[in-house]
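In what follows, a single structure is set out as structure tokens and then discussed.
Each reported figure results from applying straightforward, stated rules to the coordinates on display, with no laboratory input. Since this is a predicted model, take the numbers as computed values, not measurements. When we count neighbours, we look across all protein chains shown, and the Cβ atoms used for this are built from the backbone with ideal geometry, even at glycine.
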Amino acid sequence: MEDDKNLMLDHEYDGIQELDNNLPNWWLWTFFGAIIFAFLYWIHYDVSQSGPTLDQELAQGIARVEQHRKNAQSSGGGEEVSEEEMLAAGQTVFRNYCAACHGQKGEGGVGPNLTDGYWIYEKGAPDTIKGLVTKGILDKGMPAWESMLKPNEIDAVVKYVSSIRNTNEKGKEPQGNKVDE
Amino acid sequence: MSQKIQVRYDNKIVAFFVLASIFWAGAAFLAGVLAALQLAYWPFNFELEWLTFSRIRPLHTNAAIFAFAGNAIFAGMYHSTQRLLKTRLFSDALSWIHFWGWQLIILSAAITLPLGFSQSKEYAELEWPIDIAITLIWVVFALNFFGTIVKRKEKHIYVAIWFYIATIVTVAVLHIVNSLEIPVGFLQSYPIFGGVQDALVQWWYGHNAVAFFLTTPFLGLMYYYIPKAVNRPVYSYRLSIVHFWSLVFIYIWAGPHHLLYTSLPDWAQTLGMIFSLMLWAPSWGGMINGLLTLRGAWHLLRTDPIVKFLVTAVTFYGMSTFEGPLLSIKSVSLLAHYSDWIIAHVHGGALGWNGFLSFGMFYYIIPKIWKTKMYSTRLMNYHFWIGLSGILIYYISMWASGITQGLMWRAIDDSGYLVYPDFVETVMQIAPLYWVRAVGGILYLTGYVLAVYNIVKTIKSANALEADETVEVNATVDLSVDKSEGFHRRLEGMVTIFSVLVFLSIAVGSILEIVPTLSIHKYVPQSDEVLPYTALEQAGRDVFVTEGCYVCHSQQIQKHVSDVLRYGPASTIGESIYDHPFQWGSKRTGPDLARVGRKYPDLWHFRHMMNPRSMVEKSIMPSYPWLLDKKVDFYSLRKKLSVLKMVGVPYTDEQVAQADRWAEAQADEVAASLAKEGVEGEIKGTKLVALIAYLQALGKKSKDDEKAKAHLELVPGGGGEQ
């Protein structure tokens, strides 16, 4: 505090005085450090372009994900899942993701009734359903699920949908063709 | 000895600005608490269009920034400037035009925003007539301020005044450039910039509104009120100089840190990030000077509530300006952006730094100009502690919420799939924290109520406002340059040059970032060519803008795996090029919409907009049932398309001339598809139909898309009829 007298400037504004302390060293170093880092970062990414662009980073990320998916598929199928477990899992998926449009029991709503024995697409064969669920029917407003659901979840929900056919829940009026079994 | 004269400081104008700030603070805080409750519990939207979250949030932000903080700034600037320059304000007439003009602007904002007159550009929502009024009033303010400087009785300008100058100059530039828009009606306009250009200009503005409306003026106030309140000299004059100029020069570049991982060119993103990092030290320079001024007076922190408010404010400033650079680091931004972490960040600044500094300042000014003491010190202390706990609860809950949801959005498991593909699941996880946040807000509001009571009691018990405060000052001041002074000291006596240097400092970063972006065509690859919106889709876009859907929805899929897995291919720079205004958004309370087109059937959107819960059980999105009662003004589309054509959207003359019939034809199509699914009633001309057409077009405007192309040819008579 004694030093303050020496550091006091002769400025005075409405009673406010100013000292002239040195800039704190740690403060100066943070500032210089940030400037040096900024400069190097800029050189790395924008001038020499030795760092990846965002597009390159994204492409690498996607490649990694695809590799993970491949690995998971080839190593999958280890544990056997029982029929009931699969149906139960399928029902959960259906309630979470499909019910908004197809109704809690598949009776239809925004999307068609899946229980009425009428099918728009190729008699509602499991393979057809799997294709529809995976890729969606985009122009008709049925979303594609391949990015949301894993392969085993898609299998489970297809199994579930196949299991509720012809349960004839009252709901949306039939669409497509009657499929006799 | 030089001769003395008497001058009369104008306290009345200060009193009015103080009271106006306190009045509008109530509106801002109430709107904030309502918005908080609406996210916690959607029925608080009341299904009333003007009370819906997407209209309340802009009202809240505008009231907090321009009404509460704005009036506080003007109060403090007018109060301190007269004393620092030893003269009365330049012109009483200008002072009062400034005051009443600003209140009228706020009033018109408070009316137009809930009614849905909005440009949907954050903190620049107000429509063009109000933009013009803001410009005029700002000029009045500037004249009054610089006029006061000219007739000053103090040769050198103190550091507080430097910051005020930076504020006035820069806000003028920001406001004018970001408000370049062409009216299409009494309360509607389209910005001349579109897509990425609009995005860059908007965030150059948005970020620097924080810098030059919520930071530099408050630093100026800090430099006056802290030394006054603690009666100690400012810690370091040298530090003032270094941190002032570095702050002013660096801040202006940092805007693109709001756009990391977007389709903004990489170089601009890099600049945004590195300048934000370099900003850390200059910001802390201000904090150091504020806090170390207390050396030798720390005991006041225990005894004087004013000092408590001021010092806590500076501490929050330090926290926010550390957090800001941190959030600008690309990888941190990836986690935090679009999440509640950013909401936490701004409220640390707004409630802590701006709010507490303002209240500390009011508690200082009020007893001085009413010549009395505050009615109750204990109430001031209660205000402080209740307010502080409110801020902490707010801050911590939104940190937790932001980080939780951010991690969930980004999580990818070993098999290469999103761990939480269902967006609503991530919302459910943080919903309880929305209640906690509301509690924080209510506490802050409670503190405010105590303040109002205390202040009303104080003013009532005072004799009267000392409207004019007479002081003796030197009759003349020698403004000639003194060669023996140091360089900066001399500069402090040459206000014109000082102001020009400030302008140049902010011009460098602005020009170097904005000008190259305006020649953006070289970044848009030909293959990306997109089609413009059809007339009906544009009408739907206007609905999206009016309703303020951008407060919850982004339209920009980031260049990151997690975003691409969730929403589809990353957004390209070309896709939004015809968007006036851009709607990239800054917050994802709901999912990104850039590629929502044709993901769902029309009927899904119809039901979802009427009541989101009918499609997504746990949704917190408000219902928009009035869109079914409101009609599209088809005829106005001719004018709208012609303006859009003027700003660069490639419509043909015929599309413009037939815009209304074109839109009606497509509306017929949508209405028919809905009627087929059982929707009853005459819905063709409704805003809902237009909005659905717009939503179904999002991400589907490629020139290779058959359906999009077909819609472009719907102009009746567009074929061989002529």
Q. When Lys and Arg each count +1 and Asp and Glu each count -1, what net charge do the other residues less than 14 Å away from B:V346, Cβ to Cβ, add up to?
A. 0
Q: For A:I137, enumerate residues with amide H under 5 Å from its amide H, sequence gap 5+ or separate chain, H modeled in the peptide plane.
A: A:M142
Q) Taking only Cα atoms, what is the 0 to 90° angle, nearest 10, from helix B:356-369's long axis to the longest principal axis of chain B? A) 40 degrees
Q | Peptide ranges B:21-33, B:624-636 listed from the most packed, as the mean C-beta count within 10 angstrom indicates | A | B:21-33, B:624-636
Q) Can you give the Rg to Rh ratio for chain A, taking only C-alpha atoms and Rh from Kirkwood? A) 1.45
**Q.** Amide H partners (placed H, <5 Å) of B:I412, local residues excluded
**A.** B:V419
**Q.** Summed side-chain charge close to B:I161 - residues other than B:I161 whose Cβ falls under 13 Å, Lys, Arg +1, Asp, Glu -1
**A.** +1
Q.
For chain B, take the longest principal axis of its alpha carbons; what is the angle in degrees between that and the long axis of helix B:495-518, to the nearest 10 within 0 to 90?
A. 20 degrees
Q: Run through the DSSP bridge list for the protein assembly as shown and note the antiparallel percent, rounded to the nearest 5.
A: 90 percent
Q.
Between helix B:377-410 and chain B, what is the angle of the helix's C-alpha long axis to the longest principal axis, kept within 0 to 90° and rounded to the nearest 10?
A. 30 degrees
(Q) Give the average, rounded to an integer, of partner chain Cβ atoms located within 10 angstrom of each Cβ in A:46-53. (A) 2
Q: From other protein chains only, count the Cβ atoms within 10 Å of every residue's Cβ in B:272-281, then give the mean.
A: 5
Q: Please build a GNM for chain A, connecting alpha carbons under 10 Å apart, and tell me which residue among A:L54, A:L114, A:L132 fluctuates the most.
A: A:L54
Q: Would you pull out the residues with amide H under 5 Å of A:G103's amide H, same chain only if 5 or more places away, H placed 1.01 Å from N?
A: A:G108
Q: Could you sort out which of B:K121/B:K618; A:K178/B:K684; A:K135/B:K707; A:K140/B:K121; B:K599/B:K703; A:K150/A:K172 sit more than 25 Å apart by Cα distance in this structure?
A: B:K121/B:K618; A:K178/B:K684; A:K140/B:K121; A:K150/A:K172
Q.
From Cα pairs below 8 angstrom and at least 6 apart in sequence, can you work out the relative contact order of the stretch B:593-722, rounded to a whole percent?
A. 34 percent
Q: Please give the calculated 222 nm ellipticity per residue for the protein assembly as shown, where each DSSP H segment of at least 4 residues contributes -39500 (n - 2.57) and the sum is spread over every residue; nearest 500 deg cm²/dmol?
A: -19000 deg cm²/dmol
Q. Residues with beta-carbon under 12 Å from that of B:A667, excluding B:A667: net charge, scoring Lys, Arg +1 and Asp, Glu -1?
A. -3
